[in-house]
Amino acid sequence: MDLQLLVDIFPQVVLDGIILGFMYALIALGYTMVYGVLEFINFAHSEIFIIGAFVGVELLLGLQSLGALDAVPWPLVLLLALLVGMAGSGLLAVTVERVAYRPLRSAPRLIPLISAIGVSFFLQDMIRLFESLWHNAFNLVYPTIDALNVRLELTRTIDVPVKSLVVILAALGMLGVLWVLVNRTKVGTAIRAVAEDQAAASLMGINVNRIISLTFLIGGAMGGAAGVLFGVQYGLINPYSGFIPGLKAFTAAVLGGIGNIPGAMLGGIVLGLLEAFAASYLSLLTGGAFGAEYKDIFAFSVLILILIFRPRGLLGEVVRGRA
Amino acid sequence: MLQVDALDVSYGKIRALKGVGLEVARGEIVAVLGNNGAGKTTTLKTISGLLRPTRGTISLDSEPLVGVPPHAIVLKGIAHVPEGRRIFNRLTVRENLMMGAYPRRDAGIAADLDRVFALFPRLQERIAQVAGTLSGGEQQMLAIGRALMLSPRLLLLDEPSMGLAPVLVEQIFDTVADINRQGTTILLVEQNAAMALSIAHRGYVLETGSIALAGTAAELADNAEVRRAYLGE
Ligand SMILES: Nc1ncnc2c1ncn2[C@@H]1O[C@H](COP(=O)(O)OP(=O)(O)O)[C@@H](O)[C@H]1O
Ligand SMILES: [Mg+2]
């Protein structure tokens with residue numbers, strides 16, 4: 001075992017873990033916010049996330065075909081892609097709630113869950129159909145923006161592409177804005193009030209349905225932003241690439257304490273780090289017996305252990321009975 | 001001001017209210033007395049739109065309220081302090097009070113906050129505290145204070161004495177009388193008939209979903225039936 005190597009790659013592994021973790025955190029917010037207000041798992045959120053990636057790639061491909069991709073400054077291009085991705089995913093999430101969940105609000109809990117699974121399949125195949133007709137392909141590659149691939153040498157052993165820093169900064173900015181929105185504004189307080197007690201909130205003059213729509217809009221937009229960042233960071237997307245990150249982000253939300261917003265952020269980062277560590281170190285530490293392909297098993301084993309000892313998640317509170 | 005006529009309300013097959021009628025005039029405190037399960041909470045929830053009657057009408061200054069969603073009824077100036085207080089446990093005292101003023105855009109919010117603090121100085125001391133950590137009495141104060149932040153024309157109170165020590169009950173009822181003297185009309189639902197009749201102008205007795213008796217507070221307090229069944233004599 002090469003100790004020096006273990007030490008040398010450490011910063012790089014942390015960086016990979018943080019990037020992955022922020023991605024999970026952004027997606028996890030959508031699960032946790034919706035769970036917070038409706039106590040319902042929006043299984044279609046993984047597709048709402050990946051649709052953000054598709055909206056973003058369409059914009060970039062469009063700019064490219066116009067020859068504008070290199071003419072427009074890259075921060076502007078990226079900002080635009082983020083905004084359209086957020087708008088696309090946010091509006092889609094609101095529509096899905098209105099069409100597929102709201103009519104089932106008073107049905108037994110299993111029914112909207114099944115509806116969500118149905119929406120998830122429906123959206124996967126709609127993306128596939130649309131992209132197949134439009135591009136004759138449904139595996140799409142994010143066009144490269146050269147400036148984003150420049151590698152910055154931080155130390156002798158670590159260098160980072162600019163895009164990774166951009167992903168981290170964008171995710172941090174988004175999480176910060178969300179935190180302020182939820183904790184420091186009147187409408188954010190209303191979201192928390194609705195999450196706690198819908199009937200009492202309606203007695204305050206809060207239009208509960210509107211707050212629920214807003215929650216889907218915000219959660220969806222965060223997912224859409226994550227989708228664009230996912231595309232920028234990893235390049236290749238297809239209609240099914242939302243599924244696994246979605247599942248992991250859901251896990252991150254549970255790990256942090258489902259319904260708890262800071263918990264989703266923390267859970268995402270913890271899961272991202274676990275995964276990155278497993279991917280890089282498992283093989284080195286076990287002399288090759290377990291390779292990087294065991295990263296999910298490792299990450300989920302840790303997760304199961306944490307939940308056995310702390311079933312409400314890292315930041316979750318014990319649910320209190322209501323009068 | 002508030003007029004309720006021939007109200008029927010059911011929970012599935014259970015008929016909770018059968019032809020309930022009552023009225024509240026501007027400036028009054030009207031008490032609705034009744035044992036556990038009589039239908040008091042159901043009456044208030046129907047007025048504030050949380051439940052929909054199968055029959056009957058409710059109007060506020062001759063504007064019909066049946067079918068209007070709860071958040072829109074609040075806009076008409078009815079604030080409801082629900083049974084069990086239902087404060088937002090995870091929000092701070094300040095945030096709870098701000099939610100009480102949620103639909104308001106006017107400049108009077110700060111003045112109403114001062115008024116709530118004048119009525120309940122304890123809330124001002126606890127302003128930054130998370131509401132779930134308040135004592136039972138403080139939570140009741142917060143529930144009433146939060147409703148006052150709407151600056152309501154009509155205040156619905158569902159058993160404010162529930163689960164409180166006798167001294168606190170007396171304090172809360174004194175404050176309710178003060179709130180009324182400051183100009184808010186009040187419909188008060190209580191099992192504690194003695195306390196309720198001590199501050200009310202008029203009252204109704206609800207028995208298994210129907211109005212059994214009505215009269216001024218003094219008439220009800222003198223009624224042999226009321227004295228036996230509700231005042232424990
Ligand atoms: N959610 C509910 N589902 C079914 N029955 C209910 C429900 N709430 C109240 N009831 C019934 O309606 C009747 C009136 O209840 P309620 O209005 O709560 O009475 P009170 O407030 O006077 O104690 C009771 O018989 C009660 O059991
Ligand atoms: Mg009751």
Here segment A:166-179 yields Karplus 3J(HN,Hα) values (6.51, -1.76, 1.60; θ = phi - 60°; whole Hz; Gly and Pro given as x) of 4, 4, 5, 5, 4, 5, 4, x, 5, 5, x, 4, 4, 4
Proximal lysine pairs, the protein assembly as shown, alpha carbons under 27 Å, eight or more residues apart or interchain
12
Taking every residue of B:74-82, the Cβ atoms of other protein chains inside 10 Å of its Cβ average out to 3
Distance histogram for the protein assembly as shown (every C-alpha pair counted, 10 angstrom bins, percent rounded to whole numbers):
4, 16, 22, 20, 15, 11, 8, 4, 1, 0
Step by step: find N for segment B:87-151, compute 2.2 N^0.38 Å, then divide the Cα radius of gyration by it. What's the final number?
0.99
Rounded to the nearest 10 Å², the accessible area of A:V72 at probe 1.4 Å:
40 Å²
Heavy atoms only, probe 1.4 angstrom, no DNA, RNA or ligands counted: give me A:L169, B:L91 ranked by accessible area, highest first.
A:L169, B:L91
Report, as an integer, the average count of C-beta atoms from other chains found within 10 Å of each Cβ along A:191-202.
6
Rolling a 1.4 Å sphere over the protein heavy atoms, what is the accessible area per residue of segment A:27-242, to the nearest Å²?
43 Å²
Among B:M141, B:G108, B:G19, whose Cα projects farthest towards the positive end of the dipole of the protein assembly as shown, with charges put on the beta-carbon of Lys, Arg (+1) and Asp, Glu (-1)?
B:G19
Using alpha carbon centers only, segment B:194-233 is separated from segment A:1-23 by a whole-angstrom value of 75 Å
Determine the relative contact order of segment A:27-242: mean sequence separation of Cα pairs under 8 Å and six or more apart, normalised by residue count, in whole percent.
44 percent
Which whole-number percent is the relative contact order of segment B:87-151 (Cα, under 8 Å, 6+ apart)?
57 percent
Just in segment A:1-55: which chymotrypsin sites (Phe, Trp or Tyr not before Pro) are loop by DSSP and have at most 11 other Cβ atoms within 10 Å?
none
Listed by chain and number, the residues whose amide H is under 5 Å from that of B:V32, excluding neighbours fewer than 5 places away on the same chain and using placed H, are B:L188, B:V189, B:E190, B:Y204
Cα lying deepest toward the dipole's positive end in the protein assembly as shown, options A:S89, A:V177, A:Q4, charges on Cβ
A:S89
Please work out the C-alpha center-to-center distance from segment A:226-274 to segment A:66-85 and express it in whole Å.
24 Å
Using θ = phi - 60° and the Karplus curve 6.51 cos²θ - 1.76 cosθ + 1.60, what whole-Hz ³J(HN,Hα) does each residue of segment A:245-251 get, with Gly and Pro shown as x?
x, x, 4, 5, 5, 4, 4
Shape call for chain A from the C-alpha gyration tensor, a ≥ b ≥ c root eigenvalues: rounded (a/c under 1.5), prolate (a/b greater than b/c) or oblate?
oblate
Solvent exposure, largest accessible area first (probe 1.4 Å, DNA, RNA and ligands not counted), of B:H80, B:H71
B:H71, B:H80
Report the accessible area of B:V176, computed with a 1.4 Å probe over the heavy atoms of all protein chains in place, in Å² rounded to the nearest 10.
0 Å²
For A:87-94, A:254-261, ranked highest to lowest by mean beta-carbon neighbours within 10 Å, the order is A:254-261, A:87-94
Less than 13 Å Cβ to Cβ from A:N183, Lys/Arg counted +1 and Asp/Glu -1: what total charge do the surrounding residues give?
+4
Ignoring ligands, DNA and RNA, please state the percent of accessible area on the protein assembly as shown from carbon and sulfur, probe 1.4 Å.
62 percent
Expected field for A:V99, accessible surface area in Å² at 1.4 Å probe radius, rounded to 10, holds 100 Å²
For segment B:87-151, the per residue accessible area (1.4 Å probe, Å²) is 39 Å²
List A:W74, A:W179, A:W134, ordered by accessible area with a 1.4 Å probe, largest first
A:W134, A:W179, A:W74
Computed, not fitted: 222 nm per-residue ellipticity of the protein assembly as shown from DSSP H runs ≥ 4 (each -39500 (n - 2.57)), nearest 500, equal to -18500 deg cm²/dmol
Which residue, B:A128, B:A147, B:A194, has the most motion in a Gaussian network model of chain B that connects Cα atoms within less than 10 Å?
B:A128
Over the Cα atoms of segment A:1-146, compute the convex hull volume and normalise it per residue, giving Å³.
172 Å³
In debye, nearest 20, what is the charge dipole magnitude of chain B about its Cα centre with +1 on Lys and Arg Cβ and -1 on Asp and Glu Cβ, if you could check?
760 debye
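The values are calculated or read from the model by the stated rules, or taken from the named source; none is laboratory data. Being a predicted model, the structure only gives us computed values, none of them experimental. No Cβ is skipped: glycine too gets one built from the backbone with ideal geometry, and neighbour counts run over all protein chains shown. Please note that ligands, DNA and RNA were not included when accessible areas were found on the heavy atoms of the full protein model with its side chains. Shrake-Rupley method; radii C 1.70, N 1.55, O 1.52, S 1.80 Å.
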